[in-house]
Every structure is written in structure tokens, then in C-alpha cells.
Amino acid sequence: MKGIDFQRLQDDFRDLNFNDPGSWPVAPRVAAYVLTLAVVIALGWLFDWSDQWEELEQKQQEELQLRESWVNKKRQAVNIDEYKRQLEEINRQFESFVQQLPDKSAMGSLLSDINQVGVARGLQFDLFQPARDDIREFYAAVPVAISVTGSYNDLGEFASDIARMPRIVTIKNMVLTAAPAQAGSKGKDKAAVYDGRLKLDATAETYRYLDEEELNRQRGGKK
């Protein structure tokens, strides 16, 4: 097998007539074709194909996103009955929660109910003072400072009665101390006698829905 004749190739590329490429030897013509093709490809990539390649990659990404979106929607469609059931359960729980929140007009009767629960247990109210409403997103917390005196069992039953009320009422910040001693009643002895009573200082907090005016004020404050 003969090797490449570099001397002949060198002679083929010497003294080329650029005005008549058709008369060139085979090697220069092939080299010219390859060089021309490379230049055309480079120019095409620079001015057109690179943009098309980027567009192709973008379309491929969009296709992947559409496929993922389609899979998610198909999964939701398959589980639509379960989603409906969950939504109905959420609505039911929300309605139950709503029923436990009085509106502004019902707060007076609710506070009266809290007081009556304590009186029914034989407790002595030394303080029952509603504080300023704490406005939240769609409801208001209504704290009530209370101070009641009674036996340990009666105070415990009072807390249980509050928990069983149909409206939401929580008792927090509880401080339990011995109640002030009462004066003796036998003869002329007026000495203080401790009768086992306790004093409960706490905050009974209930909640109510905001009325339309308050809701509008809340929305306006968030703009």
C-alpha cells in the first residue's frame, strides 16, 4: 500500500489559478469544498441555527412542563371523588366552627352565661371585667379578667362547665391562691378563720366574628 505523496500534494497547491478553480487538481478542489462547507456551517450557526437550537431547547422544556402538568391533572381527575369528599368534610368542620363563634350582638348573653355558670357552682365573683377586643384576621378575641372564690372542687367544676359550653371559651393565665380568711363568729371572738376556700384569678377568653364594618376595616388596613 502506497503512502501519501506529500511532495505531489505540495505541488498541487502551488501556483493555483484562483480565477479558474475548475482547473485545480483534485486535492485543492476537495480542500476548497471542505473549507467552504465549514464556513457555511459556521455562518449558519452564528446567524440562524444557534437561535433555532435555543428555541428547540426552550420548546423541549415547555414540553416537559406540559407533560408534568398533564400528569398532575390526570391524577387529580382520577382522585376527584376523594377531593370532593375532603372538601365537604372541611366545609362541615368550618360550619361547626362558625356556629361556636357568636357575633357582636350575642357577646352580652355569652358573657352572662359565663357568669351564671360560676354563680350556679356557688362561686363568689370578685371581678368580672371584659377587656378590649383583640382584633384578628376574621375574628376577635374577647378577654375577660375574672377573680372568683370558692372551694377547690367548685372551681374545678366551674372550669369543666366552661369547657362544655357550646361557644368557644378558654381559661388561661390561671393563678390559684388561698382566699382571704373570714372573721370568726363565735361570741366576741372576731379572729380570722381560714375556711379552706381558694381564689382563682384568670382570663376567660372567648371569640366572636367580625361584623362587616370591622372586616372592611381589616381589608383596608392590609392594602
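The values are calculated or read from the model by the stated rules, or taken from the named source; none is laboratory data. Everything quoted here is computed from the prediction, not taken from an experiment. Every residue, glycine among them, receives a Cβ derived from its backbone with ideal geometry; neighbour counts consider all protein chains shown. Please note that ligands, DNA and RNA were not included when accessible areas were found on the heavy atoms of the full protein model with its side chains. Shrake-Rupley method; radii C 1.70, N 1.55, O 1.52, S 1.80 Å.
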In the full protein assembly as shown, how much of F128 is accessible to a 1.4 Å probe, in Å² to the nearest 10? 60 Å²
Once both labels are modelled 7 Å past Cα along the beta-carbon direction, what's the S69-M165 spacing in nm? 5.2 nm
